[in-house]
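The values are calculated or read from the model by the stated rules, or taken from the named source; none is laboratory data. Note that the structure is a prediction, hence the values are computed from the model and not measured. Here the Cβ positions follow ideal geometry from the backbone for every residue, glycine too, while neighbour counts run over all protein chains shown. What goes into the accessible areas is simple: the full protein's heavy atoms, side chains included, and nothing from ligands, DNA or RNA. Shrake-Rupley method; radii C 1.70, N 1.55, O 1.52, S 1.80 Å.
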Amino acid sequence: MDWKQALQESGIWLAQAYAITLVASALAVWFLARRTVWGRQFWALSSDYFSPRRSWRPLLGIALILLLTLAAVRLQILFSNWYNALYSSLQALDSQAFWLAMWLFAVLATVHVLRSLFDVYIQQAFILHWREWLNEKLLQSWLHKQVYYRSQYLEHPVDNPDQRIQQDITSFAETSMSLFMGTVNALVSTVAFTLILWSLSGPLDILGITVPRAMVFVVFLYVLVATVLAVLIGRPLISLNFQNERYTADYRYALVRVREYGESIAFYAGEKIEHLLLNTRFALVIRNAWHIVFRTLKLMGFNFAVSQTAVVFPMLLQASRFFSQQITLGDLMQTMQAFDRLQDNLSFFRNAYDAFASYRATLTRLHGFTLAAQDAENLPRPQILQENRLALQDLTVRHPDGQNLASQLNLSLAPAESLLIRGPSGSGKTTLLRAIAGLWPYSEGTIIRPEHVLFLSQKPYLPLGSLRSALHYPSLPALSDSSNSNDDAAAAVLRDVHLAHLIPRLDEAADWSRILSLGEQQRLAFGRLLLAQPQAAFLDEASSALDEGLQDAMYTLVRQRLPQAWLISVGHRNTLLSHHGQQLLLDGRGGWQLEDISLSLKD
């Protein structure tokens, strides 16, 4: 190789390889996205990210990373020629050529280090931006139109959505990049080192037949057979890795539930049954892990055997030509290095099969997540009209098995009117509120309600963060609320709901659902209601943990502070009757009856 022309030749080589690789990559992506299941799954997940209509930056990022990958291949070719020059100088005892090789190595090594560092930075930056976009896309689909809640009513609900959003996105982005660039590097290097090996190999007699350039054909045949066998051995890893993700997530979810319901489990003294249930789930993890271990051992053992055999294989083929002085020591060493590179490149798909199996499992999980989100969003829901009134028109609410809970329900409440919903357990009281909120898919009819409404459940939700944030949820605290002040609206509300002892802790960040008792949480929810000032409030057993005195105080406070709001409650206690003007009685079989409470009390 003429090292004086190396820079110019490398520039021409890079330009030609870059143009060919861009076209080939575009055609490959188009083909895979149309002809393969996993290609269609990838395209469904990421096509919007790579769309130039959204931004050109991802495509430019891929183009730059592709250029850096091709530059790495060119450096490998230059290093291969450097090996030849170095060992040829040693064989010829040419000190001048040796020291020239040392200077060349310094230049090549410096360029290689700089290229590698820049390549790592660009790839990591690209992956981080991609993860941000994917995270936002999946979060939007998960939180849009209560998909996170309504997905439980699908025929096949998505399992462990938290893992799919947090863990699978990272794995998907990183593995997509490594597999794509690894494939490009392997294919381009294969072409380049095939040409090098072609120029170095000689004829070989096989069963009396002289095969020209035999080493090239031997290495291709060697790796082709090894790859086919590796695919057959490693194919079960795809399903095993998918099951591993599922079983691990299920076990982690079970552990989280023990922490979440620790007090109830402790009261029941249910440690033994929980231990049994956890061990049952963990046993599935371990059993599947053993299957992966044994299958991986088979695949690794085969790959090790193939790789070790390839170490001496080219030397055996070229030994006779070296001893007959047809080739130099530099040619022999370059042959070994080129054979090794070619064997590694051709073996990329065999060695990466395990990673591809995990990638397919991750891709299937993410694609399944997006499909489940779409299906949940498309579940039926009653028509909800936002007007400055509260009415139900021909509303029918059903059990998932088709049994009517409330049939053709019609009612209209005047401003500031209140309604108490009562009935036997299981008659559909809470389900009716779910339908009014638009959460229950097994309902039809028309719901007319004001825009600003608030639903209080029996067990209030307290987000992670400060007590002030929990009190203002689902809104954010106003900037005017001064921290550590006893005079802001939040502190005043805490006094009103008999939680004045929590005022000094308003800005303390903690898991308040584990600190406060259920009764304190329900009073906090009433404070939330007072701060939100909704046009209509729906309370589902929102005072069940309060004694009758506190319950009376909370309802009285609500009627005083929200005199014009509609108030709809679900409850069993007779003491709730005095705080409502009408009651809706459900029988759980589709029947219903609307009564004026003042008249029924007189009767």
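Rundown of residues vs (1) within 30 Å of Gln583 (Cα to Cα); (2) crowded, with 19+ Cβ neighbours inside 10 Å; (3) in contact (Cβ under 8 Å) with a residue 40 or more places away in the chain, yes/no style:
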position: Ser443; (1), (2), (3): yes, yes, yes
position: Trp512; (1), (2), (3): no, yes, yes
position: Leu524; (1), (2), (3): yes, yes, yes
position: Ser543; (1), (2), (3): yes, yes, no
position: Ala553; (1), (2), (3): yes, no, yes
request  = Write out, first by first residue and then by second, each pair whose Cβ atoms fall under 9 Å of each other, whose residues are 6+ apart or on separate chains, and whose first residue, in the range 167-183, is open to solvent by less than 20 Å² (accessible area, probe 1.4 Å) and of a type outside the set (A, V, I, L, M, F, W, C) while the second is modelled with pLDDT under 90 and not in a helix (DSSP H, G or I).
outcome  = Gly182/Ala352
ask   = Which residue pairs have Cβ atoms under 9 Å apart, sit 6 or more places apart or on different chains, and have a first residue in the range 17-37 that is at pLDDT below 95 and a second that is among the basic types (Lys, Arg) and open to solvent by less than 50 Å² (accessible area, probe 1.4 Å)?
value = Ala17/Arg74
request  = Within the range 412-433, count every residue that is of a type in the set (A, V, I, L, M, F, W, C), exposed (fewer than 15 other Cβ atoms within 10 Å of the Cβ) and touching a strand residue (DSSP E or B) at 6+ places or on another chain (Cβ under 8 Å).
outcome  = 1
ask   = Within the range 62-83, which residues are open to solvent by 20 Å² or more (accessible area, probe 1.4 Å) and of a type in the set (Gly, Ala, Ser)?
value = Ala63, Ala71
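Take the conditions open to solvent by 40 Å² or more (accessible area, probe 1.4 Å), under 43 Å from the mean Cα position of the chain (by Cα) and free of Cβ contacts under 8 Å to residues at least 40 places away in the same chain and apply them to Ala500. Does it pass? Steps first, answer last, please.
Working: open to solvent by 40 Å² or more (accessible area, probe 1.4 Å): yes; under 43 Å from the mean Cα position of the chain (by Cα): yes; free of Cβ contacts under 8 Å to residues at least 40 places away in the same chain: yes.
Judged against the criteria, Ala500 is a match.
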ask   = What number goes with the only condition from (1) at pLDDT below 90; (2) open to solvent by 20 Å² or more (accessible area, probe 1.4 Å); (3) more than 14 Å from the chain's Cα centre (by Cα) that Phe193 does not pass?
value = (2)
message = Let me spell it out: the conditions are (1) open to solvent by 30 Å² or more (accessible area, probe 1.4 Å); (2) in contact (Cβ under 8 Å) with a residue 12 or more places away in the chain, and Ala305 meets all of them except one. Which number is the exception?
response = (2)
Matching option when the condition is surrounded by 17 or more Cβ atoms within 10 Å (Cβ to Cβ), of a type outside the set (Lys, Arg) and either free of Cβ contacts under 8 Å to residues at least 60 places away in the same chain or not in a strand (DSSP E or B) (or both), among Leu584, Leu576, Leu539, Leu567 = Leu576
Restricting the range 569-600 to residues that are in contact with a helix residue (DSSP H, G or I) (Cβ under 7 Å, 6 or more places away or on another chain) and of a type in the set (A, V, I, L, M, F, W, C), the residue that is modelled with the lowest pLDDT = Ile597
ask   = Which one of these does Arg34 not meet: (1) loosely packed, with under 12 Cβ neighbours inside 10 Å; (2) more than 28 Å from the chain's Cα centre (by Cα); (3) part of a helix (DSSP H, G or I)?
value = (2)
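Let's see how each residue does on (1) assigned to a helix (DSSP H, G or I); (2) of a type in the set (A, V, I, L, M, F, W, C); (3) open to solvent by less than 10 Å² (accessible area, probe 1.4 Å); (4) touching a Lys or Arg at 6+ places or on another chain (Cβ under 9 Å):
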residue	(1), (2), (3), (4)
Met315	yes, yes, no, no
Phe322	yes, yes, no, no
Ile327	no, yes, no, yes
Gln343	yes, no, yes, no
Phe356	yes, yes, no, no
Val397	no, yes, yes, yes
Tally, over the range 96-145, of residues that are farther than 24 Å from Leu363 by Cβ and open to solvent by 60 Å² or more (accessible area, probe 1.4 Å) = 17
